[in-house]
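What follows is a set of notes on a single structure, which appears directly below.
The values are calculated or read from the model by the stated rules, or taken from the named source; none is laboratory data. Just so we're clear, the structure is a prediction, and the values are computed from it rather than from any experiment. Here the Cβ positions follow ideal geometry from the backbone for every residue, glycine too, while neighbour counts run over all protein chains shown. Protein only, heavy atoms only, side chains kept; ligands, DNA and RNA dropped before computing areas. Shrake-Rupley method; radii C 1.70, N 1.55, O 1.52, S 1.80 Å.
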Amino acid sequence: MRRDRLGRPGQPVLEPRPYGLGEPSHARSGADVIATFESHASLGLGPAEAAARLDRFGPNTLPEPPRRGRLAALVAPFRSPLVLLLLAVAALAALLGHLSDAVVILVVVGLNATIGAVHEHRAERSLAELRRLTGRSARVVRGGLECGVAAREVVPGDLLALEAGDAVAADARLLEGAALQIAEAALTGESVPVVKDLRPLAPDTPLADRTNMVYAGTHVTAGRALALVVATGGATEIGRIAALAAHTAEPRTPLERRVEGFGRAVVAVAAVLFVAVLAVGLARGLPFTAVLMVAVSQVVGVIPEGLPVAMTIALAVGVHRMARRRAIVRRMGAVETLGSTTVICTDKTGTLTRNEMTATAVVLPGGRRLAVTGAGLEPTGAFLAAGEPVEPGDVPGLVELLEAGALCNDATLVGPDASAPVWRAMGDPTEAALVTLAVKGGVMPAALREARPRRAEIPFDPSERLMATQHDGPFGTFVVVKGAPEAVLRLCATRRLGDAEGPLDDVARTEEAGHALALAADALRGLAIGVGPGGEVDGRAGLAAFEGRVTLLGFVGQLDPPRPEARTAVALCRAAGVRAVMVTGDHRATRATRAASVA
């Protein structure tokens, strides 16, 4: 669907020229990058120019890995020493007039090759169908109009319009941004969303620190932005990784290595036996033809003709069983490789865990701690005090804490529908957990945000580790602050104790800091939330202006819960003699707790 974005006419078509020369895009200003790619900061490319560049640079897709053709798949099994020896014996038998023997051997060898080739063709066809069904789309600005296009049609010089929930279609230099955060785990391994800005960086800045760039294969968790595409397809960072992987030699499976070694031994034994029979027969004066047939029959008797077919059938059965479990296996040898696995190294975030932050504990000032049941984004659960359910409205200060967490928040919780039968979040996972927590406590974020509209904000600053928002209330404006416990405590002068406020002197501050440390000791990520009356949020002055004006409302402890099936999977690995190793950058105490939750 197209809509008028700026109400201006489209730009004229320009002649393309080579791009990517000189300093990298992250080291240039946005205006310099726009000039290099002959685009426009607000109009983008014209439709005709975009079409011309698509013809020039090709579609925005990763190069297809080299596929083994049908003929190559048929020829592959003939590289085995056993099969080569069988072919030699079949040829020799045919020359001696024993056609029936030769035909039987050739049928066995041909059946083995056909089974493998047919399976590989089916797997390739299934993978191609999956790629076709998972085509992505992107929003670009062309001729001043924002429109949706297939991701494969994005070209260098396009203006990408990004907002929370979007997948980044190509590598791009940020031109405009508002509280933009990008999840780059697929590219850099960083599990926490990266906060982006627009400032040029040093040319030698590492990939993970290029905060003014967005990359294909990542997705937006919060904020919105406009970015100029600087690389597509195989020229993207993810494309370079794919190219490195494509040129990696495919290792031989343990079964292939063992069979190859066994085949060489059989060939050596067969050769010695063949020479010995010939020598003995000729020494005794027997006819050469008769001796040769006896030698050939001995060689054929030594070779296990049914072994290649038996292995192929066994692997095909394994592939069929994997398919019943919704797993596509391209090469049959991979089934045996799985059976030879002794150690599995697995990522934590999103693999052993659900990659959905969940608030599991609330600590109110003074030390009253409440447990929260439920996992993931589904807003069902209860608040427990000493193991007994309590109503949030009966706990002084709890509802105010939940409301503040929902207001100083950019995430949105979306309920199940026909297209997605599960709860999902638009925005940062940490903020989505606060929205889910608020709904569990009876707070409706949409209605609350309408009744307390946001007037200004200071987006999350990784150096300050804080975020602040200003809202209108029934008694004037107020400011909500959310962030790391030590950062919020630095701004607080009072704390909410039930329905009253108490001073936050040095003793009380140390006490509250201990409550935050207790959450960390339980492998929970702690967030502190505070509120201050009046004042204007000034992004230039930062949060220093709020020092001594904030009242502490409490702490929220979050974790990424383990997947329900993770414990079963780890138990099955141990039962099979496979050691499972969790790979994570968490603190030692945190990773020990996480490992124990799935062990």
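The figures follow:
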quantity	calculated
Accessible area of the stretch 169-260 divided out per residue, in Å², using a probe of 1.4 angstrom	46 Å²
With DNA, RNA and ligands ignored, accessible area of residue 293 (1.4 Å probe; Å², nearest 10)	40 Å²
Charge dipole (debye, nearest 20) of the stretch 465-581; +1 at Cβ of Lys and Arg, -1 at Cβ of Asp and Glu	680 debye
Set of the stretch 549-564 residues, backbone N closer than 17 Å to the point 7 Å along the Cα-Cβ line of residue 464	549-552
Fraction of accessible area attributable to carbon and sulfur, the stretch 158-271 (%, probe 1.4 Å)	58 percent
Among 474, 493, 445 - extreme Cα towards positive end, dipole of the stretch 438-493, charges at beta-carbon	445
Percent accessible area from carbon and sulfur atoms, the stretch 359-448, protein chains only, probe 1.4 Å	58 percent
Accessible area of the stretch 363-420 divided out per residue, in Å², using a probe of 1.4 angstrom	43 Å²
Residue-level accessible surface for residue 36, protein heavy atoms, 1.4 Å, Å²	20 Å²
Dipole magnitude of the stretch 136-225, debye to nearest 20 (Cβ charges: Lys/Arg +1, Asp/Glu -1, about Cα centre)	160 debye
Ratio of Rg to Rh over the stretch 143-297 (Cα coordinates, Kirkwood Rh, two decimals)	1.54
